[in-house]
Structure formats: C-alpha cells, structure tokens
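The values are calculated or read from the model by the stated rules, or taken from the named source; none is laboratory data. All values derive from a computational prediction rather than experimental measurement. As a convention, Cβ positions derive from the backbone with ideal geometry for all residues, glycine included, and neighbour counts pool all protein chains shown. Surface areas here come from the heavy atoms of the whole protein model, side chains and all, with no ligands, DNA or RNA. Shrake-Rupley method; radii C 1.70, N 1.55, O 1.52, S 1.80 Å.
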Amino acid sequence: MLGIESTCDETGVALVRGRTLLADVTATSMDEFARYGGIVPEIASRAHLEALVPTLNAALAKAGVTLDDVDAIAVAAGPGLIGSLTVGTAGAKALAVATGRPVYGVNHVIGHVAVDELVHGPFPPSFIALVVSGGHTSLLSVTDIATGVVELGSTLDDAAGEAFDKVGRLLDLPYPGGPYVDRLAQQGNRGAIRFPRGLSAGKDKDRYRYDFSFSGLKTAVARYVESLQDEGVPLPKEDIAASFSEAVNDVLTRKALEACQYLGADTLVIGGGFSANSRLRELAQERAGEFGVEVRIPPIRFCTDNGAMIAALGSAMLRAGVAPSALDFSNDSGMSLSQPSV
Ligand code: KG4
Ligand code: ZN
C-alpha cells in the first residue's frame, strides 16, 4: 500500500506491506511559515507540488520497490487545507490511472489512530481513541478502524494544539507554539497557578461527558499574563507553561480514560500532532493503571503528519474488504470523523 499525505504543510509518502512499514519519507514547508506566525495555504500548496514527486521517488527507493509492486494507493482526502489536499489527491489519482491500481481517499484524522497498528500490532475488537491535533480534539469509539468509527464528542471551541499555539504567542514563543510551550513547561512548576479545567465538574461534566473546551482556559492564561504585565512583574513563563499544560492534559487524560470506563473499553489509543506532548504521554501512562486501561501512543515521529498513517489506514481498508473510492472523488476539507474513507 502506497500512502500519500498532504493535508497541511507536510508532504508524506510511505509504503507498507500489511502492518509492516517499508519506508516513510516526509518533506515539510513549516520553516517557511515561522515569519508569518501561521500557515499560508497558497505557499503550502506550492511546496506540496514541488515535493510530491521527489518524496515519492525517495520512498520507493528506500522501500526497494517500484510502482509496479504497488497493489493499491491511499491518499488523505480530508480534513485539511483544500489546496494542499488537491495536490495529494490529484497525484494519487494520476498514479492510480497510470498503474491501473485502486485508490482509497481516506480520513487524515483517523489515520493518526491507524498508524499505531504499525508499531503496537493489531487493534483489539473495540477501543476508544483520543485524537488531538492542531485542528481536532475528539473522542472516538472504534470497532474497526476501516469501517466502524463513531465520534463520541469533540472540542466545543479550540483544539488542544491550537490552544498551545495561542499560549505560545502570549508567551512570545516562535510559531508553532505547541512544542515550545511543551519544552518550557518541563522546566516549570505544574502546581504554581490553578487554571480552569473546562467541562470537568458538576452538571457540565455530565452533560458534556465526551466533549472538551479550552477557550476559557486560554482566556484565563491571557488575563493572568496581562495582570502581571500591568503590574510590571516579569512573567514566570516556565510556571505559566507548566500550569497551563497541566490543565489541558489533566482534562484530556481524565476524560479519555473515563470514556473507557463508561463504555467498558480496556484500550485507549492516542494519536495526532499533539500526542507528541511530553506531559500528555507521561500522564496518560501514569493514570492508565488506575483505570485498568492499556494506553497505546505511537512514537513521536508517527504523531506529527506523515505518510505512514495514510498507508496504514489504506492497508486496513484492504483487509476489511472496503471498496476503493471512485476516481472522481472530491476532497473534503471538513471530512467527518465518522467517515474513514470516501
Ligand atoms: O496533527 P498535526 O501535525 O496537524 C494537524 O492535523 O493539525 O498537529 C499539529 C499541532 C500543532 O498545533 C502543534 O503545535 C501541536 O500539534 N504540537 C504540540 C507538540 N507537538 C506538536 N503541542 C504540544 N506539545 C507538543 N510537543
Ligand atoms: Zn494531523
């Protein structure tokens, strides 16, 4: 299975055989965006256009195969930036026509979960997944990663990665803030400031059992920063980052593990760009025993966007006997999390 990823700023191409990864090559245009403080979609699309063929050739060479050896092609059809998606899907369709092989338009976010099978082996018959990225923070109930995914709930406002990026800006850190806030947080005191935990107590917790909210937390951090600045007090950036990170990760891990408890699941899979976060990884494993749940998180190189996650999901499609996508399938920038493929 050849997998192609181009939803945002990473051009990823990978090859897998069953659940075995043969090659995974990624090019990124992220460096071009630091000076803009955000991704410029047009620049990202053009970078995909330049990177796609060289990345494909590098992946084939690394795997020691040719296009003739490819049985099927998977490509991220959404969610993502429409221009970026178009480059990957047009490339995948062209390859499908040229090779006569089927093509699967698959869901990028579900790919973030699927990639874990390449590392930790086959999934159990049912499990809960927490996907956390720049655009998503959702809880999924999964029976089959290729055909049986139900979204239980999601963030009502900001995604966890987005909140980290915004707090990074408040603390004058480079873009994207997530990894910088994470690094700073490791040097601070997690208990220094008690920031709010959204939808985690009382009626809100019952009503929004599977949902998240981070906008109140983000505002609380902004107010705290402003009040110190007004008083002319230097910002304890490490403590702010650590206390903020603790609030986010406390809620993420608790809600995900409680979802397992409510639904009788004994496995939690965590994926998405934000699952690179050191405190999330630590806290999830720390609390797993308390809840009697096995927590599976892919290694960091499979957390950020890559081609392996798309190839892994494509491979699961083949195993489940899912029909390939029609060659004229559309990109879906807002693809639903309950839809693994087009
Ligand atoms: O999944 P991803 O690569 O792209 C999307 O599909 O959105 O996720 C990127 C997000 C960004 O918001 C980035 O700041 C965040 O993941 N991120 C982190 C860390 N590494 C990446 N956030 C916190 N701590 C990290 N170590
Ligand atoms: Zn992603």
#### Entry: Residue check, F123 farther than 16 Å from A74 by Cβ and crowded, with 22+ Cβ neighbours inside 10 Å
no
### Summary
Selection from the stretch 171-200 of residues in a loop (DSSP other than H, G, I, E, B), open to solvent by 30 Å² or more (accessible area, probe 1.4 Å) and at pLDDT 95 or above yields D172, L173, Q186, Q187, N189, R190, G191, A192, R194, P196, R197, S200
### Task
Kindly list the number of the only condition in (1) without any contact (Cβ under 8 Å) to a residue 12 or more places away in the chain; (2) open to solvent by 40 Å² or more (accessible area, probe 1.4 Å); (3) over 20 Å from I145 (Cα atoms) that fails for R254.
(1)
### Message
Of all residues being more than 16 Å from ligand 2 (Cβ to nearest atom) and under 30 Å from S6 (Cβ atoms) in the stretch 280-294, which is most open to solvent (accessible area, probe 1.4 Å)? Just the residue, please.
### Response
R281
### Summary
Expected single match for buried (at least 17 other Cβ atoms within 10 Å of the Cβ), assigned to a loop (DSSP other than H, G, I, E, B) and not polar (S, T, N, Q) among G105, G134, G83, G88 is G134
### Message
Regarding the stretch 216-229, can at least one residue be identified that is among the hydrophobic types (A, V, I, L, M, F, W, C) and within 25 Å of the chain's Cα centre (by Cα)?
### Response
yes
### Message
Looking at the structure I just gave you, is D144 modelled with pLDDT under 95, surrounded by fewer than 17 Cβ atoms within 10 Å (Cβ to Cβ) and away from ligand 2 (no atom under 16 Å from the Cβ)?
### Response
no
### Query
Restricting attention to the stretch 319-330, does a residue exist that is surrounded by fewer than 17 Cβ atoms within 10 Å (Cβ to Cβ), farther than 26 Å from R194 by Cβ, modelled with pLDDT of 95 or more and of a type in the set (S, T, N, Q)?
yes
### Task
Return the total of residues in the stretch 278-306 being among the charged types (D, E, K, R), part of a helix (DSSP H, G or I) and more than 13 Å from ligand 1 (Cβ to nearest atom).
3
